[in-house]
Every structure is written in structure tokens, then in C-alpha cells.
Amino acid sequence: MSTVQYSFEESLAARQAKAEQAMLAEFEAGRYTLEHPLIKINPYFISPLSAVILFETGKEVAVTVTVKGKEPEGTISHTFPPAKRHILPVLGLYPDYDNQVEVRLYRGEAVTVTVRTAPLEGNYPKLISMETTASYLKDQMIFLSPSMSELATAFDYKGDIRWHLNVPTVFDIARLRNGNILMSTDRLVRIPYYLSGLYELTLTGKVVREYSMPGGYHHDKIEMEDGNLLVLSEDLESDTVEDTMVLLDRNTGETLRTWDFKDFLTPGEGKSGSWSAEDWFHCNALWYDKNTNSVTLSGRHIDAMVNIDYDTGKLNWIIGDPETWPEDKQKYFFRPVGEEFDWQYEQHACLVTPDGDVMCFDNGHWRSKHPEHYWKNKDNFSRGVRYRINTGDMTIRQVWQYGKERGQHFFSKYICNVEYYGEDHYMVHSGGIQYEGENAMEGFAVMAADDPTIRSKSITVELCQGEKMMELQVEGNYYRAEKLRLYHDGDNLPLGPGQRLGQMGHTREFDTLIPMEPCGELLPERYEASVTEEEDRFVFKAVFEGGQLVMLMLERDGEEHGYYISTARTPFNALCCGTFIEKDARKVNLSVNKAGLSGTFDLRVIVDDKKYDTGIQITV
């Protein structure tokens with residue numbers, strides 16, 4: 001009998017499709033009316049502050065759904081197009097509350113129903129303060145996406161939570177033109193935060209499309225004008241990470257094109273203080289500029305934003321401190337002009353304004369290209385900054401900044417973003433603030449989670465015409481902030497199974513297999529091993545001591561595939577998302593894609609000088 005726990009897990013899209021079919025069957029079997037509607041709270045499992053209300057009317061009529069606020073200013077309404085059969089998403093519910101939801105027919109009667117929500121469980125942000133007015137923020141919410149254990153959440157003008165996901169979909173929350181959002185999947189393919197791809201979700205949590213990517217996904221993506229997706233990825237067969245971008249076909253998930261950053265930059269040039277040979281570029285943002293048909297990329301580990309031609313992939317220019325860069329790259333840099341100017345260091349979230357200015361969040365980490373001049377975090381600052389560049393004479397002028405004046409109390413050595421809403425109207429999100437005692441921390445809080453002297457928080461500020469219009473402070477660190485409305489014009493809930501598009505890539509195998517015969521023993525229970533199989537991969541989890549030699553083996557009829565499992569404590573120079581990091585360093589997690597495999601394999605595990613059986617077979 002196997003000592004390794006085995007389970008098969010259906011995809012989120014498949015589980016949701018079954019739940020939706022059951023909901024619709026219940027709707028069809030009943031006689032649900034405006035006066036007696038069918039109400040399903042969190043029908044797609046992952047969005048507990050949402051519901052679906054279902055009923056029929058005798059004629060086509062528009063319907064307005066209103067979630068009444070705890071005070072009048074907190075009320076959220078949306079009008080849906082005319083129909084006889086109404087299957088309507090309800091968004092903006094309060095947690096642990098008897099929500100009063102009014103359903104009103106256009107120029108007709110209305111009913112009010114009570115929707116009781118459960119308390120939020122586990123990892124959600126704890127409010128410190130919200131400073132704004134209902135008349136300013138109105139029905140818009142401040143969405144925070146995860147960087148640590150707390151999960152994606154949205155706050156209203158009062159600081160009340162009105163939306164939340166209970167699964168770790170991470171990195172940027174991007175709203176698509178159809179009103180859905182695009183986030184990472186919750187399927188980890190490699191530590192620390194490389195995910196299988198992307199979910200296109202409604203705010204009820206329904207997966208409309210799941211995109212699986214051969215190189216996985218990290219950090220950022222953008223919807224192109226033709227609907228295709230420009231996505232940060234990597235080559236999982238390479239010795240480097242976070243230096244690849246791909247174009248995904250929106251309808252098929254096929255990779256249409258790949259850009260390798262080593263084609264226009266040489267690793268090792270322009271190193272930041274967090275540079276490593278593996279993570280030499282660390283791309284954390286991208287922005288497509290249709291006016292120049294170019295892409296701007298934020299390279300944290302070269303302290304620079306680089307712009308390339310979309311068609312040719314050739315380098316156009318670099319924004320950053322040119323010191324330490326070789327002579328042949330100097331022509332791509334700008335010369336500062338104007339009285340007040342600071343370069344950005346280890347920046348995040350680049351964007352291009354309509355008039356061609358370039359903005360980013362200047363983390364300022366190290367704030368020098370020379371180790372002997374590195375700044376201590378307690379003496380440093382972070383900020384949002386806007387640069388005006390002239391590509392004719394290669395000059396750069398700093399035309400706006402916010403954050404320097406707040407010193408270390410606004411300092412984030414990692415993550416964060418800026419948003420441009422219009423001329424002199426910006427958001428600045430300092431999401432990686434960490435203290436050790438009273439001063440900014442030098443290391444990463446996630447690596448010292450049990451230390452009571454360490455605390456972290458996030459500050460999000462909106463500024464208009466130089467005036468602060470909103471400031472949200474919460475406990476914990478958050479990758480980015482976005483200001484969005486819950487509802488999008490026009491659409492009802494899209495029905496039908498979510499599509500699973502694209503494919504997973506081949507999992508890298510160890511170059512040299514260890515010649516060893518099975519010992520005839522089952523893997524001991526002390527390793528607490530488990531295997532979770534999915535449609536396109538399986539995940540092996542276990543507990544090993546540091547320094548043990550461990551390799552997972554798939555074997556059949558002389559055919560062997562070996563996957564090395566590191567038991568070393570990994571130092572992270574850039575931990576943009578610690579959501580998937582285990583506090584217990586002995587816990588390992590290996591994802592093996594089924595791509596490139598065929599047949600039925602015995603699953604074995606080499607631990608030091610023994611090859612153990614698991615009693616489990618994987619059929620591909």
C-alpha cells in the first residue's frame with residue numbers, strides 16, 4: 001500500500017462548469033419569479049462577496065440590481081439589458097452581513113431580498129485607514145493584488161471590503177475591454193512565483209478562459225488592440241529567468257511570437273544591487289505604445305526601462321543611470337536636463353502617457369550603481385516619477401514626482417505601481433513597505449514572518465492637481481493597486497463552460513541520471529509525500545531536510561525521466577510574490593508537466609542513496 005497520498009484534481013473551470021449546470025438545472029426545474037427568485041451565493045467558489053440571482057419575467061424588461069450600502073453613499077447599482085430570463089451577477093456584497101439587495105424592473109415593481117454572506121476567512125488585508133470621500137471615489141473600488149499571503153481584495157470609499165478572491169491569483173489585475181479581468185492562475189509551476197498561465201475571470205470568479213503557457217507567466221501582461229495578449233514569460237529550459245515576452249492568440253492560446261531579451265541586451269551589463277546571473281534582467285512590467293509601435297520593459301536588475309521596436313525587436317533607448325554600462329550602450333541613454341532630477345533604481349510598473357512621457361514607480365533600492373555608495377533603506381525614499389524624453393537630442397527631464405518627501409515611511413524596495421488617469425491625475429502605490437522596529441527593513445519580511453519586530457504595510461495614494469484625493473493604508477504588502485468599478489456596461493453573466501486554451505511546456509529534466517536500482521521499499525511516511533494529478537501535469541509535495549539529495553523519477557520499460565528537487569534554502573534577491581513560499585523550508589513542491597511524456601510510468605523517489613517506490617503510476 002502506498003505511503004504517498006494521491007488525488008486527482010479537476011480544473012477550476014471544470015468544477016465551475018458542473019456547479020453552473022446544477023444551478024441552471026435548479027432554475028429550469030423551478031418557477032422562479034421576481035417575487036421568489038433563486039439566489040446563489042458564490043456559485044463559482046472563489047468570489048465569496050458575489051452572488052447570482054435568477055428569475056423569469058413575462059416580457060422582456062431591463063432590470064436594475066442594487067446592493068444597498070451600510071450608508072447611502074455605499075450603494076452599488078447596475079442595470080442589465082432587457083430579457084425574459086434573468087441570470088444576473090450581484091457584486092459588492094459586504095462580508096458577514098445581511099445584505100439588502102433590491103431588484104427592480106424597468107418602470108415596474110421591485111423586491112428587496114436579504115443575502116447573508118459569511119465572514120471572510122484567512123488571508124485578506126486588514127485596514128489601517130482610508131482617507132477619501134464618497135463623492136470622489138463614488139462606485140469605484142481600490143483593488144489590491146497579492147504579494148504575500150493576503151489575497152486579492154477591493155475596498156470602497158469607506159474602507160469596507162466589497163470584493164475578494166479566496167484563491168491565490170497574483171500579480172497585476174488587468175481589466176479587459178469586455179469587462180473581465182486577467183490575473184495569474186493559482187497553479188504554481190516553479191518556486192517562487194512562476195504560474196501556469198492566466199485566468200480571464202468575471203468578478204463573480206467565473207473562469208471564462210484559462211491560458212496555459214509553455215514558459216509560464218509572471219508579473220505583467222497587456223491586451224493589444226486586436227485582442228491578443230502580450231505576456232511576460234520565460235524559457236523553462238534556459239539557465240536564466242524573467243527575460244522573455246510572448247504574444248498569445250486570444251482565441252486559441254497559441255504562442256504567436258517570442259522575444260528573448262538576450263537578443264538586444266547582454267547579461268551582466270548595468271547590474272543593479274540585486275542582480276544575479278540567473279535573474280539578470282528581472283522584467284516586472286511591459287507597456288505597448290501604438291504611437292511608436294514599440295514596447296517598454298522594466299528591468300529591475302539593470303535599474304533601467306528599455307524600449308524596443310515591436311516588429312524588429314531592436315533596442316531604441318534606455319532610461320536609467322548610464323554609469324557602469326559599456327561604451328557601446330551609451331548612445332541609447334538620455335542626458336538629464338532641468339534643475340531637479342533623480343534617476344530611478346530597481347523600478348516597477350512602467351507606462352507611457354498619451355503625450356509620450358514615461359512613468360514608473362521608482363523603488364530606489366540601493367540608489368546607486370556602485371556598491372560603495374549604496375543607500376541604507378532607512379535613509380532612502382521611493383516615489384512615482386514622470387520623465388519627459390526627447391529622442392531627437394536624447395535628453396530627459398523630470399516633470400513630476402511624489403513620494404520623495406515622505407522618506408523611509410513610503411519606501412518600498414520591491415513591487416509597487418503608478419497609474420496615469422489624466423494630466424496631473426495619478427495613483428502611486430507603495431505596496432512593499434517593511435519595517436524592522438522603527439526603520440525600513442533591509443531584508444524581506446516574508447523570510448522572517450515569525451519575528452514580532454517586523455511588520456509590513458501598503459500605502460496607496462491618488463493625487464489630482466497636486467491635491468491628495470485618497471490614501472488607503474493596509475497591513476501587509478500588495479503587488480499593485482488598481483482603481484476599477486465592479487460592474488462593466490452591458491453584459492450579463494456569460495454562461496457555458498470555461499475554455500482551457502494553450503498548453504504547458506516540457507518540464508526541464510536533470511541532465512545526468514543517477515544509476516540506481518529500486519531498493520524495494522516504499523517511500524517512508526516521515527517524508528509526508530503527496531501527489532496531486534491534474535489533466536496536464538502532476539504535483540509532488542514532500543518534506544526533506546536541507547542538503548538531502550532528492551530526485552523524482554518516472555520509469556517505464558527502460559525509459560527514465562529524472563527531475564531534481566532542491567532541498568537548499570533559496571536566497572531570493574527579488575521576491576515580488578511570496579504567496580507560494582513555505583514558511584517551513586523543508587517543504588518541497590515539484591510540478592511536472594505531462595507534455596512530452598507518453599505511456600504509464602512508475603513514480604519513484606531517490607533520497608540520498610536509496611530509490612524508493614511510491615506505489616503510484618502516472619498515465620499520460
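The values are calculated or read from the model by the stated rules, or taken from the named source; none is laboratory data. Small disclaimer: the values here were computed from a predicted structure and weren't measured. With ideal geometry, Cβ positions are generated from the backbone for all residues, glycine too; neighbour counts draw on all protein chains shown. Note: accessible area is taken over every heavy atom of the protein model, side chains too, but ligands, DNA and RNA are not part of it. Shrake-Rupley method; radii C 1.70, N 1.55, O 1.52, S 1.80 Å.
Structure values in brief
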item	result
Residue list for the stretch 253-278, filter: out of contact with any strand residue (DSSP E or B) (no Cβ under 6 Å at 6 or more places or on another chain) and among the polar types (S, T, N, Q)	T266, S272, S274, S276
Subset of the stretch 413-430 that is assigned to a strand (DSSP E or B) and open to solvent by less than 10 Å² (accessible area, probe 1.4 Å) - its residue that is farthest from I459 (Cα to Cα)	Y426
Some residue of the stretch 167-185 being closer than 14 Å to T75 by Cα and in a loop (DSSP other than H, G, I, E, B)	no
Qualifying residue in the stretch 340-354 (condition: within 18 Å of V295 (Cβ to Cβ), surrounded by fewer than 19 Cβ atoms within 10 Å (Cβ to Cβ) and touching a residue at least 12 places away in the same chain (Cβ under 8 Å))	yes
Test: residue in the stretch 24-37 that is in a helix (DSSP H, G or I), in contact with a strand residue (DSSP E or B) (Cβ under 7 Å, 6 or more places away or on another chain) and more than 16 Å from V101 (Cβ to Cβ)	yes
Odd one out for G205 among (1) part of a loop (DSSP other than H, G, I, E, B); (2) open to solvent by 20 Å² or more (accessible area, probe 1.4 Å); (3) in contact with a helix residue (DSSP H, G or I) (Cβ under 9 Å, 6 or more places away or on another chain)	(2)
Scan of the stretch 395-412 for residues that are open to solvent by less than 40 Å² (accessible area, probe 1.4 Å) and over 20 Å from N363 (Cβ atoms), ordered by number	T395
Identity of the residue in the stretch 355-377, of a type in the set (A, V, I, L, M, F, W, C) and open to solvent by less than 10 Å² (accessible area, probe 1.4 Å), that ends up farthest from E405 (Cα to Cα)	V358
Unique match (being more than 20 Å from L120 (Cβ to Cβ), open to solvent by 40 Å² or more (accessible area, probe 1.4 Å) and either in contact with a Gly (Cβ under 8 Å, 6 or more places away or on another chain) or at pLDDT 95 or above (or both)) among A13, A22	A22
Answer from R388, R367, R397 - the residue that is without any contact (Cβ under 8 Å) to a residue 40 or more places away in the chain and closer than 22 Å to T292 by Cα	R388
Single match in K457, K413, K468 (criterion: over 24 Å from the mean Cα position of the chain (by Cα) and of a type in the set (K, R))	K468
Wholly enclosed strands (runs of 3 or more DSSP E) of the stretch 59-131 bearing at least 3 residues open to solvent by less than 70 Å² (accessible area, probe 1.4 Å) and modelled with pLDDT of 95 or more	76-91, 98-105, 110-116
Residue match in the stretch 236-247 (condition: open to solvent by 10 Å² or more (accessible area, probe 1.4 Å), modelled with pLDDT of 95 or more, within 16 Å of the chain's Cα centre (by Cα) and not acidic (D, E))	no
Test: residue in the stretch 442-453 that is open to solvent by less than 70 Å² (accessible area, probe 1.4 Å) and assigned to a strand (DSSP E or B)	no
Which listed residue, of K158, K221, is surrounded by fewer than 19 Cβ atoms within 10 Å (Cβ to Cβ) and more than 24 Å from L495 (Cβ to Cβ)	K158
Matching residues in the stretch 371-403 - criterion: being part of a strand (DSSP E or B) and of a type in the set (S, T, N, Q)	N390, T395, Q398, Q401
